[in-house]
Amino acid sequence: MRSGLYHPSVPPIDELIRIEPIYLGRLERQGIFTTGLLLEVTETPTRRQNLADQVGATTNDVELWRDEGQMLNLAGFGSAEHRLLSQSGFEGLNDILAVDLATFGARLARGADELKMDRPSDLTIEGWWDQAHTLAE
């Protein structure tokens with residue numbers, strides 16, 4: 001951990017599963033150590049293009065990283081929740097936005113069962129779904 005460089009509630013960039021290792025080092029050399037910093041430096045299409053150019057990635061790569069970073073920054077979200085959503089077929093915020101609340105909950109229930117873990121509460125599931133829609137506005 002890079003103590004002092006990021007807030008403990010903001011996930012480190014290496015928790016993103018869509019980033020290939022080569023890009024992690026390049027992002028860190030750009031001073032991007034957390035998903036919060038990634039979201040900040042990719043707020044606009046121009047900034048996304050600039051980052052892609054700086055790290056030798058495509059804008060599609062940066063869009064995917066941003067999408068997953070937004071999901072990781074949902075309230076009450078940690079590595080176990082990331083694993084659950086990934087198991088349930090949700091790799092990023094856009095995947096959540098593509099389904100209704102009932103489908104989201106059903107897929108999370110199935111993923112939790114497959115992972116042999118407790119299903120999040122209805123309140124938590126609804127909160128994540130609502131936050132995803134709020135972020136997309």
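Here, each number is a calculation from the coordinates, and none is a lab measurement. Since this is a predicted model, take the numbers as computed values, not measurements.
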Cα principal axis extents for the stretch 79-136, largest first, Å:
31, 21, 19
Span from the the stretch 18-46 Cα centroid across to the the stretch 82-133 one, whole angstrom
25
Per residue and in Å³, how big is the convex hull formed by the alpha-carbon atoms of the stretch 13-114?
96
Only Cα pairs under 8 Å and at least 6 apart count here; give the relative contact order of the chain as a rounded whole percent.
19
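Per DSSP helix of 4 or more residues, -39500 (n - 2.57); summed, then divided by the residues of the chain. What does that give at 222 nm, rounded to the nearest 500? Can you show the working numbers first?
On the way: 8 runs with 85 residues, N = 137.
Using -39500 (n - 2.57) per qualifying helix, the result is -18500 deg cm²/dmol.
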